[in-house]
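Written below as structure tokens is the structure these notes are about.
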Amino acid sequence: MFEQTFKNLDDVLWKEAGCTTELDYTEQSSWMLFLKYLDDLEHERAMEAELLGKPYLFIIDETHRWSKWAAPKKADGTFDHDTALTGDDLIAYVDNDLFPYLQSFRQRATSPDTIEYKIGEIFSEIKNRFRSGYSLRDALELMDGLQFRSQAQKHELSALYEEKIKRMGNAGRNGGEYYTPRPLIRAMIKVLEPKIGERVYDGAAGSAGFLCEAHDYMRRDDLSASELQTLQTSTFYGKEKKSLAYVIAIMNLILHGIDAPNIIHTNTLAENIADIQEKDRYDVILANPPFGGKERKEIQQNFPIKTGETAFLFLQHFIKSLKAGGRAAIVIKNTFLSNSDNASKALRKELLESCDLHTVLDCPGGTFLGAGVKTVVLFFTKGTSTKNTWFYQLDPGRSLGKTSALNDNDLKEFVELQKSKADGEKSWSVSIADVDGESFDLSAKNPNKAEEAPLRDPQEILEEIATLDAESAQILDGIREML
């Protein structure tokens, strides 16, 4: 229904000088999509109020509504080209009038939980990158053709938007930070089995892929009105540091049916974990925190185990943020299991003693496109110490890459075996009593798989090459004598 519109929109963005990367395409699509969605939502609410004989107070004033400046219509419903701004006038209006107006909502909003605050936050964090008012006019007209009225329309738009985020992630560089393979997320959710009434949290939300997939898993056709309300308003929570990711997360959740997402734009690690109280804790935590980053000394002071590694700080935050009995699934570098530095050892000790690390999923290289590191997923429950850990070595039987990405079928056996934690060719169990009490080394070494041949000494390889060269020379000399 809307696929061609998205393709045409990409063509417009590709020609626009102010948009040079997939990140720019997604950012610019997001703010226009958000305003179009908001306009449709407001008109829908106004019609409902009218049917009930009640007044409706619009969030956006008439002058700044989508239907006024972006897509003015004539009385017969056709586009009004005579009154529509274009060229330099359109750019000037968006930059100097529309965006400042929308930014002001942050100061006027009664609470960060309101859609008014989200409007102000979004337009304080992004900017219009269009430099040609004619390109922007083309993009706006295409965007106006999208509809959010039915569940089927929202579902298609969310799928198309998800594909846009995926392309942004596959484009490499910092785009990959925002994209975790959805089959991996779905497998993590199936293991944790979040339920209506539980609070689900991601403190490194990125594009909100974990929260969106958790929503899709938890939303069923037989939910009552009160359960749907709970799912909408008090189930999914996230925090995100980066501006573009924050905007994408908000739009992604909106397209999944959550009108005012509980996403906060903040640096999660700037919060002292000693200040986390029971009311701040969650039942389920799903996350893929950024790894390889380095945090400043003042940030490290917020954590009992001091380290510059971002992912290790996040792991401490997640353990502290779980309720007793709460479940978590966290993606982390596989070197976390065996690093010999003091911070890694202390963090493994803390995890094993305060939580039941019941499952470790060992992911193959190429799971995360462009990441260049191998990862594992830690599944743990807070409140009891670890007695046994079940390991599963994921092996899809092929090299993973852009043309051969991870799929749901690759993880099917893991999800099934995890229920019983059965040992097999790819799975094994480790008793924590057998783990070294000083290093707490948890290296994922499959005892059922033959060890790979050790790397040979370079000198040995050179000598073998020289021998083979000499043999080849003898054979060639023999052939020459025969000619």
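Numbers for the structure displayed
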quantity: Members of region 132-149 that are under 12 Å from Leu13 (Cβ atoms) and part of a loop (DSSP other than H, G, I, E, B); calculated: Ser132
quantity: Answer residue from region 250-294, given it is farther than 25 Å from Ser124 by Cα and charged (D, E, K, R) and is most open to solvent (accessible area, probe 1.4 Å) among those; calculated: Lys294
quantity: 3 or more residues closer than 23 Å to Arg137 by Cβ and within 27 Å of the chain's Cα centre (by Cα): qualifying helices (runs of 4 or more DSSP H) within region 1-117; calculated: 3-15, 22-51, 99-103
quantity: Failed item, numbered, when Thr78 is tested on (1) surrounded by 12 or more Cβ atoms within 10 Å (Cβ to Cβ); (2) within 23 Å of Ser150 (Cα to Cα); calculated: (1)
quantity: Residue check for Val247: buried (at least 17 other Cβ atoms within 10 Å of the Cβ), under 28 Å from Tyr117 (Cβ atoms) and at pLDDT 95 or above; calculated: no
quantity: Some residue of region 295-312 being among the small types (Gly, Ala, Ser) and assigned to a helix (DSSP H, G or I); calculated: yes
quantity: Scan of region 436-446 for residues that are modelled with pLDDT of 90 or more and either touching a Cys at 6+ places or on another chain (Cβ under 8 Å) or farther than 15 Å from Leu347 by Cα (or both), ordered by number; calculated: none
quantity: Of all residues making up region 168-190, the number that are at pLDDT 60 or above, open to solvent by 30 Å² or more (accessible area, probe 1.4 Å) and out of contact with any Ser or Thr (no Cβ under 8 Å at 6 or more places or on another chain); calculated: 3
quantity: Output for region 231-248, where each listed residue is assigned to a loop (DSSP other than H, G, I, E, B) and within 14 Å of Glu198 (Cβ to Cβ); calculated: Ser234, Thr235
quantity: Pair list, Cβ under 9 Å, 6 or more apart: region 352-372 residue open to solvent by 20 Å² or more (accessible area, probe 1.4 Å), other residue modelled with pLDDT under 90 and assigned to a strand (DSSP E or B); calculated: Gly366/Gly401; Gly366/Ser404; Leu369/Gly401
quantity: Breaking point among (1) at pLDDT 90 or above; (2) at positive phi, for Val415; calculated: (2)
quantity: Per-region count, region 384-420, residues outside any helix (DSSP H, G or I), surrounded by fewer than 16 Cβ atoms within 10 Å (Cβ to Cβ) and over 21 Å from the mean Cα position of the chain (by Cα); calculated: 8
quantity: Conditions (1) aliphatic (A, V, I, L, M); (2) within 21 Å of Glu121 (Cβ to Cβ); (3) out of contact with any helix residue (DSSP H, G or I) (no Cβ under 7 Å at 6 or more places or on another chain); number of the one not met by Met32; calculated: (3)
quantity: Residue tally, condition open to solvent by 40 Å² or more (accessible area, probe 1.4 Å), more than 22 Å from Ala205 (Cα to Cα) and in contact (Cβ under 8 Å) with a residue 60 or more places away in the chain, over region 309-351; calculated: 4
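Here's the yes/no breakdown for (1) under 24 Å from Cys19 (Cβ atoms); (2) open to solvent by 10 Å² or more (accessible area, probe 1.4 Å); (3) touching a Gly at 6+ places or on another chain (Cβ under 8 Å):
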residue	(1), (2), (3)
Gly87	yes, no, yes
Val94	yes, no, no
Pro100	yes, yes, no
Gln103	yes, yes, yes
Phe130	yes, no, yes
Leu140	yes, no, no
Lys154	no, yes, yes
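The values are calculated or read from the model by the stated rules, or taken from the named source; none is laboratory data. Nothing here was measured: the structure is a model prediction, and the numbers come from that model. Backbone-built Cβ (ideal geometry, glycine too); neighbour counts: all protein chains shown. Accessible surface is based on the protein model in full, side chains and every heavy atom, while ligands, DNA and RNA are left aside. Shrake-Rupley method; radii C 1.70, N 1.55, O 1.52, S 1.80 Å.
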